[in-house]
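All of the numbers you see were taken from the coordinates with simple rules; none came from a lab. On a predicted model such as this, the values are computed, not experimentally measured, just so you know. Cβ placement follows ideal geometry from the backbone for every residue including glycine, while neighbour counts extend to all protein chains displayed.
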Ligand code: PMP
């Protein structure tokens, strides 16, 4: 059900589950559904995505990458050549682990961020980081197991883990990312309550939705705390190369190959529509992870892998990333200055060093879910903060994305949003 079908009103996550159960119960096969099926929530992001394509609306909701700089003619020629010269292999089943060449190229991408010497044999090609999260949940988690995550965290990860009846436990962050003391404390209190803590799911660089980055001096400590408590770190790093200035921060995986399962993605550095990413798996866990990937997919698409390999091999992908960094930096700057100009006192926001998102905080007690309907009427759209934490608590936060909108539209979008926020804070 989209917002249009709900006559423009916004369903809270709780109402979504109720609706799901109610409509499901009228269905003949309702009793056949697994308990798990009811843990898969309708994604607020997908809902808003449906609305975002309305003409005239400025969407500050979707975190889509900027694709206009892709060399489309060159890619079309490359794709045609692949089908013409390697068509039978491209259209046939391929290796379950993914093509050797793309696994090697994934290692080159990781090397650009500081993960050196990764073995392509430890890489499995996925259909995006999203599918890596699903496989990680499947391979490591029984119902009721705990996975720690940042507060806030990526809505897609909440959905992936909660589908396996995982107990997602948020750990507080500050402007420097996950707070190590809070992580330690949370682990000890969960253990004392008899919980089994399996994993930390973390987006250390340019967290979605907050834009916050785990500082260099906290990185080793976070992994050390997890190691000492026998918790695997699941590092999700789709944005790491998209730092506005300076060198990317070294991923957690670089110094901790046995403690970190790393998820990479071609979505933000190339094209999300090809649905490809990779997992770099600690050697001692590789076989289980790989078998689970194969059980889901048989194999990732050889055709899209060949196109991606051709892009990374024959085009200046690094040059394009350098250009994208500048483009995203300009867009982020436009958003920050528009917020500065337009937002009333009491409203604050994060200042990201990269990635796609700014996280806006309204005074405590204001629920941003109902504001979405007003924002749509005003001609813009955002994602309410409640989507990014486990549970059904209202949130006074909201996510704004600057990646896919021109600076002028960003300024206009924030101008449209401002009166909605002013009314909410009583300004
Ligand atoms: N992880 C994070 C943190 C994301 O923001 C996204 C996409 N928005 C994904 C994973 C999904 O990436 P992919 O396209 O590789 O599945």
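Calculate the FRET efficiency for residue 330 and residue 73 from the Cβ-Cβ distance with a Förster distance of 30 Å, rounded to the nearest 0.05. That gives a FRET efficiency of 0.70. A straight chain from residue 121 to residue 364 at 0.36 nm per residue would run longer than the Cα-Cα distance by 82.6 nm.
The smallest convex shape that holds all Cα atoms of segment 136-212, its convex hull, gives 72 Å³ per residue. Annotation: the residues 40, 53, sorted from fewest to most other C-beta atoms within 10 Å of their own C-beta, follow the order 53, 40. Rounded if a/c is under 1.5, else prolate if a/b is larger than b/c, else oblate: which is segment 308-427, with a ≥ b ≥ c the root eigenvalues of its Cα gyration tensor? It is prolate, given that a/c is not under 1.5 and a/b is the larger ratio. According to the square roots a ≥ b ≥ c of the eigenvalues of the Cα gyration tensor, what is the shape class of the chain, taking rounded for a/c under 1.5, prolate for a/b larger than b/c otherwise, and oblate for the remainder? Rounded is the answer for the chain, as its axis ratio a/c remains below 1.5. Ranked by how many other Cβ atoms sit within 10 Å of their own Cβ, fewest first, the residues 72, 252, 33 fall in the order 72, 33, 252.
Is segment 70-179 best put as rounded, prolate or oblate by its Cα gyration tensor, with a ≥ b ≥ c the root eigenvalues, rounded for a/c under 1.5, and otherwise prolate when a/b is larger than b/c, oblate when not? Prolate.
Across segment 245-350, Cα pairs under 8 Å and at least six residues apart give a relative contact order of 18 percent.
Take every Cα pair under 8 Å whose residues are at least 6 apart in sequence, average their separation, divide by the length of segment 93-182, and the relative contact order is 22 percent.
Counting every pair of alpha carbons in segment 262-325, the share spaced more than 20 Å apart comes to 38 percent. Full extension of the chain between residue 30 and residue 374 gives 120.3 nm of extra length, using 0.36 nm per residue less the Cα-Cα distance.
Here the spin labels are modelled as points 7 Å beyond Cα on the Cα-Cβ line, and at residue 185 and residue 54 they lie 4.3 nm apart.
Residue separation of residue 298 and residue 316 scaled by 0.36 nm, minus their Cα-Cα distance, works out to 3.3 nm of gained length.
Here, P(r) means the percent of Cα pairs in each 5 Å bin from 0 to the largest distance; for segment 333-386 it is 4, 16, 24, 30, 20, 6, 0. Taking other C-beta atoms within 10 angstrom as a stand-in for reagent exposure, 126, 116 fall in the order 116, 126, fewest first.
Here is how the number arises for the chain: DSSP H runs of 4 or more residues each give -39500 (n - 2.57), the sum is divided by the residue count, and the result at 222 nm is -14000 deg cm²/dmol.
Spin-label model, residue 175 to residue 284: label points 7 Å out along the Cα-to-beta-carbon direction sit 4.0 nm apart. Given R0 = 45 Å, the distance between the Cβ atoms of residue 91 and residue 393 translates into a calculated FRET efficiency of 0.40.
Distance between the C-alpha centres of segment 54-82 and segment 379-413: 22 Å, rounded to the whole angstrom. In whole angstrom, note down how far apart the Cα centers of segment 123-181 and segment 242-290 are. The two parts, judged by their Cα centres, are 14 Å apart. Applying 1/(1 + (r/R0)^6) with R0 = 45 Å to the Cβ-Cβ distance of residue 422 and residue 217 gives a FRET efficiency near 0.70. Look at the alpha carbon pairs under 8 Å that are at least 6 residues apart: their mean separation over the length of the chain gives a relative contact order of 22 percent.
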